[in-house]
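Working notes for the structure below.
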Amino acid sequence: MSSKNTDNSYGWVAKLFHWAVFLIIIAQYFFANNLREYNQYHFATGVLILLVMLIRFSWRATNPVPTMPEGTGPLQTMAAHGLHILFYVLLIGMPITGIAIVQAKGRVVSFFGMFDLPQIFTATGAEDAGEFAATIHGVVAKVILAAILIHIIVALYHHFGKKDNVLRRMLPW
């Protein structure tokens with residue numbers, strides 16, 4: 001299997017990013033919903049998502065995605081690309097709002113104890129910005145879940161309904 005994407009399939013690097021982000025997001029939702037108070041695992045996992053998404057974005061920018069299956073209309077193609085862009089915006093923006101929330105409270109965001117993020121959100125009025133970031137963070141969490149659900153439904157529709165290779169080209173096996 002090639003590391004680079006082809007016209008018919010994603011390379012192993014893109015697949016690794018896809019499934020790693022999916023698993024990290026599952027862990028992140030567990031940490032957010034089951035560990036209360038000042039949750040360093042949730043914060044560190046958010047930073048991990050941000051780092052992985054930035055690396056993933058640069059990989060995708062240099063590795064064009066496979067072509068859409070024959071018979072895919074322009075509206076469907078635009079919707080597919082739009083959903084992927086939405087994922088990048090959400091999964092990069094979400095950790096940034098999380099960092100803003102924590103730092104606006106005067107706390108430190110640590111990456112699993114290996115290093116602390118520089119304090120960016122510490123200016124006067126940071127508490128108001130932190131409250132705004134918290135509102136955005138909550139809304140974006142719900143939008144991410146909805147986008148994931150749409151993504152899964154569409155992939156299954158392509159596999160079982162249209163019987164094309166959209167799902168198979170991203171499977172790790």
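Readers should treat all values here as calculations from the given coordinates under stated rules, not as data from a laboratory. The structure presented is a predicted model; accordingly, all values stated were derived computationally and were not measured. Please note: Cβ atoms are built from the backbone with ideal geometry, for glycine as well, and neighbour counts cover all protein chains shown.
Summed over qualifying helices (DSSP H, 4 residues or more, each -39500 (n - 2.57)) and divided by its residue number, the chain shows a 222 nm mean residue ellipticity of -22500 deg cm²/dmol.
With 25 Å as the limit on Cα-Cα distance, the pairs of 4/142; 15/163; 142/163 that go past it are 4/142; 142/163.
Neighbour counts of C-beta atoms inside 10 Å place 140, 108 in the sequence 108, 140, starting with the fewest.
Between the helical axis of 74-104 and the longest alpha-carbon principal axis of the chain there is an angle of about 20 degrees. Straight-line reach from residue 162: which aspartates and glutamates have a Cα under 14 Å away, not including same-chain ones fewer than 8 places off? Filter leaves 70. Computed from Cα atoms, the angle from the helix 12-34 axis to the main principal axis of the chain rounds to 40 degrees.
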